[in-house]
Amino acid sequence: DHDRRVRDWKYRSSLPVPMFSRNDFSLWSVLKNCIGKELSKITMPVIFNEPLSFLQRMVEYMEYAHLLRKASEESDPIARMQYVAAFAVSALASNWERLGKPFNPLLGETYELERDGYRVICEQVSHHPPVSAFHAESKDFIFHGSIHPKLKFWGKSVEIQPKGQVTVELPRWGEAYSWTNVNCCVHNIIVGKLWMEQYGTMEVVNHASGHRAILTFKPAGWFSKDLHRVEGFIIDRHKKKLHFLYGKWTEFIRCTDVGSYEEYVKENAHKFRRDGEKGKGPTPTDSPSHTPKKVLAKLNSLKVGPFKSNSQSGSNNSVDDGCPIPEPGDGDLPKCDSTYSIDIPNSSTLWEADPRPENTAEYYQFTLFAMSLNEMEDGMPEKLCPTDCRLRPDIRKLEEGDIDGAAAEKTRLEEKQRDARKARKGKKGDWSPKWFAHGMNPYTKEEDWLYSGGYWDRDFGHIPDIF
Ligand code: CLR
């Protein structure tokens, strides 16, 4: 499957130039004065960016969109749920090792992509708070949502809450599924290698049949066996367990029946015991809440200075780490847990991640799909909406290796955005998104942004110039 995808790849498979090394730059020196702040309010040097807008990064959810087609081809609702749940997990796979910051979209910025039988349109519908909306459609499915990422800097880690929700509709079955994203945490801001984990519970609900897939993304834990692990059950409306799903969001999702799972657990009880439960060492941290005191003590033990002096001088009111703290030795990337890889009898593989391209390390750890997202394809210059990310000069300059040019353009664009907002102030009508409208998600009854249609008519006559 993977080989075929690579062979049939019609798009670019690298960026114009390799990335600039970040080795000589200290993230800590930028962030040390910002503890407790919302990261969208911090101006970060362009060197810590990747040459994509968050709208493009959001479209990476679509990399394994064929799973939604597969779901729509199944006549059994439980089989459909298996594929939709696999899709929900696969949508996160491209985040693995991706530690550059995507550009904050400007208000009104858009991104479109047409691929393998689907097309997707995204728009930045709000600037404060930042909200990005997307709507993808094909003959088999509709996939839409709005994301309001909250980034909080906690000292040695950044905690990300991708607030908002996503919905899959399978028109053929009159079904809608929805879920919310799990939290994400970037570790080792002060010292060591940056690494990311996703943790929490994702509940994929089929609003028509009442089936649910309840998936737990496990925090790495003190002894790292659970690194990137995901597992959970598909249950029916009476909460009866029907299937067990397990895998890693970075690699694969498999499915087995509950009987085989229970048998396996009985026979392999020793593998499920955690080191922490042998009475030695601390127990794994499952909840993301810690007392500031405990974290301060940990930070102080790093002997990097600033915390002690800051907290004594009172310039930092509180330091709390919103994320699980898994490392036993400070700053370490948890080791892979391959020795514990479980393969339960009677399992079938629902999804497997494609390996990253060979040149990925020189290109921001991009997947092949990500490599192509900012490509200016033939015919695009004439037909693209003037607010499309591909036309953003700062992102373009960064992918071409012009760091200073990118930084200058980024500043210019942000000023232009501020001026436009000032000019609008007082005028009635203010600003409203072009392609989405604020409304209630009919399935979840929660606030959402819904596509108002019309983008693909490509009538871009009255689109403001935001770049
Ligand atoms: C994770 C999957 C969610 C949507 C989402 C929202 C915000 C994204 C996050 C994802 C991945 C990590 C991310 C974050 C915004 C900034 C952060 C890209 C895609 C990067 C890694 C932060 C770098 C900051 C430096 C201080 C290292 O469904």
Exercise for the section: Work out the P(r) tail for segment 332-467: percent of alpha carbon pairs separated by more than 24 Å, whole number. Expected result: 60
Completion exercise
Taking a probe of 1.4 Å and leaving out DNA, RNA and ligands, segment 101-183 shows per residue an accessible area in Å² of 30
Fill in the blank from the handout: Cα-based Rg then Dmax for segment 129-259, in Å, read 16.8, 51
Practice task
Would you mind checking which residues have amide H under 5 Å from L242's amide H? H placed 1.01 Å from N; only 5 or more apart, or other chain.
Solution key: I234, I235, D236
Completion exercise
In segment 67-195, lysine pairs 8 or more places apart or on different chains with C-alpha atoms under 13 Å apart total 4
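Heavy atoms only, 1.4 Å probe, whole protein assembly: order K410, K241, K70, K10 by accessible area, highest first.
On the way: K410 25, K241 100, K70 70, K10 160 Å².
Final ranking, largest accessible area leading: K10, K241, K70, K410.
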Fill in the blank from the handout: If R0 = 51 Å, then D430 and N268, at their Cβ-Cβ distance, give a FRET efficiency to the nearest 0.05 of 0.25
Problem - Global geometry of segment 214-264, whether rounded, prolate or oblate, following the gyration tensor of its Cα atoms and the 1.5 cut on a/c - result: prolate
Fill in the blank from the handout: Quick calc of log₁₀ I(q)/I(0), segment 82-159, Debye, one scatterer on every Cα, no solvent, q values 0.17, 0.18, 0.22, 0.25 1/Å, result -0.89, -0.99, -1.27, -1.34
Practice task
Calculate the spin-label point distance for D404 paired with W28, positioning each point 7 Å from the Cα along the beta-carbon direction, and give it in nanometres.
Solution key: 2.9
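When the convex hull of the C-alpha atoms of segment 1-85 is computed, what volume per residue in Å³ does it have? Mind showing how you got there, number by number?
Details: hull volume 15.5 nm³, N = 85.
Once divided by residue count, the hull of segment 1-85 is 183 Å³.
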Problem - Over 12 Å [Cα-Cα, segment 404-467], rounded percent - result: 79
Problem - Within straight-line cross-link reach of K41, aspartates and glutamates at Cα separation under 14 Å, skipping those fewer than 8 residues along the same chain - result: E414
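For V258, what charge total do you get from the other residues with a beta carbon under 12 Å from its beta carbon, if Lys and Arg give +1 and Asp and Glu give -1? Intermediate results must be reported in sequence, preceding the final value.
Working: positive: K240, K241; negative: D236, D257, E262, E263.
Computed value for this residue: -2.
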Fill in the blank from the handout: Sorted by chain and then number, the residues having a modelled amide H within less than 5 Å of the amide H of L52, at least 5 places away or on another chain, are F103
Practice task
Please give the contour-minus-distance gain from K163 to N346: 0.36 nm per residue of separation, less the Cα-Cα distance, rounded to one decimal in nm.
Solution key: 62.3 nm
Practice task
Post the alpha-carbon centroid distance, segment 10-62 to segment 359-377, in whole angstrom.
Solution key: 14
Practice task
Subtracting the Cα-Cα distance from 0.36 nm times the residue separation, let me have the gained length for H128 to K241 in nm, one decimal.
Solution key: 36.5 nm
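Provide the gained length on full extension for the span K416 to K150, in nm with one decimal, where the gain is 0.36 nm per separating residue minus the Cα-Cα distance. Walk me through the numbers before you get to the answer.
Details: separation 266, 0.36 × 266 = 95.76 nm, distance 2.40 nm.
The K416-K150 span can extend by a further 93.4 nm.
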Problem - Kirkwood-type radius of segment 20-132, with distances r between different C-alpha atoms, in Å - result: 16.6
Handout entry: Environment charge of D448, counting only residues whose C-beta is closer than 15 Å and scoring Lys/Arg +1, Asp/Glu -1
Key = -2
Handout entry: Estimated FRET transfer efficiency (D457, F48; beta-carbon r; R0 45 Å; 0.05)
Key = 0.70
Practice task
Mind listing the long-range amide H neighbours of K163? Cut-off is under 5 Å, sequence gap 5 or more, other chains count too, H placed in the peptide plane at 1.01 Å from N.
Solution key: H148, K150
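Rounded, prolate or oblate, given the Cα gyration tensor of segment 376-431, with a/c below 1.5 counting as rounded? Could you put the intermediate results ahead of the total?
On the way: a/c = 5.43, a/b = 1.44, b/c = 3.78.
Oblate is the answer for segment 376-431, as a/c is 1.5 or above yet b/c matches or exceeds a/b.
The values are calculated or read from the model by the stated rules, or taken from the named source; none is laboratory data. It should be emphasised that the depicted structure is a prediction, and the values quoted were computed from it without experimental measurement. Cβ coordinates were reconstructed from backbone atoms using ideal geometry, including for glycine residues, and neighbour counts include every protein chain displayed. These area figures cover heavy atoms from the full protein model, side chains too; ligands, DNA and RNA do not enter into them. Shrake-Rupley method; radii C 1.70, N 1.55, O 1.52, S 1.80 Å.
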